[in-house]
Amino acid sequence: KQWYQRRVAITAGRASYMREGTNTQRQTYTQGRGVLETDDEVYLARLEQNYAAITADKGLHESFLYYDMCRYRESNAGLFHADQKIANDRLLIVGKYRKMYPSAKRTRQNPGGAQRGFECPEERDYFPYWAPTLQGPYDPEYQRTPWIDAAYLTNDRRKCGEINRNTFNTNGKYRCVLNRARDYATSITEEGCTAEGGTWVLFESYLEVLENIQTAEECGEVAARNAVNTVVWKPLRSDSQVNKCIVQAPAPVCTKAPTTRANHLGNAESKPLYSSWFNLNLPHFPSGE
């Protein structure tokens, strides 16, 4: 279970706020021209084209950039695919380095790479996810996830340690950063990132950044007063020397799932009303905003 966090920000047109839609069709997505999209102007023009295509009558959860990053990112080759044949749909060429690969939008459950809104199929199907996710509008300084881990309900509580060690709420995640307008790369490993000419960067997730706090001492005072959140003084990304007062999301609750039929999200063997339910304690924002 996850909860969604997004401040309303009317940046790049209508691209950056969550809403329901009166039209059940998905938002329009115009993909890049593969290896031909290495020119910054071509990429930025495509961004403007996609922003302009987003309409207010269609639902919007993740941002266009969230999905575009997913389409460029390579699929995790270590996943169980059963009898599905995950076809290559992307080509990476860097100098003499050439690689055909399936993108993260193709999974065992979605082998054809069908688009459903702007969600990333691989991130949707596998938890905890190994890459950082972002909140639009894209800000290269602040890598932020629109979906905050709230709870992991399981019939095997032995998994709770693994969940807490890998949740993005309290653990940084790496991604490959390119030095150009489209700074999101293909590779999900440091070795591949180096071959692609990128930098392997660790990003921190957060509930909020207390921009009015300017020193480690001030941040420490906030942390001492805050019994709910972990508040730390550190850079938001490992390639930055600028420290910020970062309020991290709490670790997700990990507890026993209600007993239901297999693959069933309806009534459970519990009360009240024999329905599946989970009480979520909303997080605390020290800024009060």
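Quick look at the values:
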| read-out | value |
| --- | --- |
| Set V228, V247: member being assigned to a loop (DSSP other than H, G, I, E, B), of a type in the set (A, V, I, L, M) and in contact with a His (Cβ under 9 Å, 6 or more places away or on another chain) | V228 |
| Residue list for region 220-247, restricted to those being of a type in the set (K, R) and over 20 Å from the mean Cα position of the chain (by Cα) | R225, K234, K244 |
| Number of the exception - S205 against (1) open to solvent by less than 30 Å² (accessible area, probe 1.4 Å); (2) touching a strand residue (DSSP E or B) at 6+ places or on another chain (Cβ under 6 Å) | (2) |
| Considering residues of region 31-40 that are surrounded by 13 or more Cβ atoms within 10 Å (Cβ to Cβ) and under 16 Å from Y67 (Cα atoms) only, the residue modelled with the highest pLDDT | Q31 |
| Positions within region 144-179 being assigned to a loop (DSSP other than H, G, I, E, B), under 19 Å from the mean Cα position of the chain (by Cα) and not hydroxyl-bearing (S, T, Y), in sequence order | R144, P146, A150, F168, N169, N171, G172, L178 |
| Filtered residues of region 208-225 (kept if open to solvent by less than 20 Å² (accessible area, probe 1.4 Å) and out of contact with any Cys (no Cβ under 7 Å at 6 or more places or on another chain)) | E208 |
| Qualifying positions in region 66-96 - assigned to a helix (DSSP H, G or I) and of a type in the set (S, T, Y) | Y66, Y67, Y72 |
| Pick from region 180-192, criterion outside any loop (DSSP other than H, G, I, E, B) and among the acidic types (D, E), ranking: modelled with the highest pLDDT | E190 |
| Any hit, region 261-280, residues being out of contact with any helix residue (DSSP H, G or I) (no Cβ under 9 Å at 6 or more places or on another chain), open to solvent by 30 Å² or more (accessible area, probe 1.4 Å) and touching a residue at least 40 places away in the same chain (Cβ under 8 Å) | yes |
| Yes/no for V228 being at pLDDT below 90, open to solvent by 20 Å² or more (accessible area, probe 1.4 Å) and within 20 Å of T133 (Cα to Cα) | no |
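The values are calculated or read from the model by the stated rules, or taken from the named source; none is laboratory data. Note that the structure is a prediction, hence the values are computed from the model and not measured. Heads up, the Cβs are rebuilt from the backbone with ideal geometry, glycines too, and the neighbour counts pull from every protein chain shown. The protein model used for the area step is the full one, side chains on, heavy atoms only, and it has no ligands, DNA or RNA in it. Shrake-Rupley method; radii C 1.70, N 1.55, O 1.52, S 1.80 Å.
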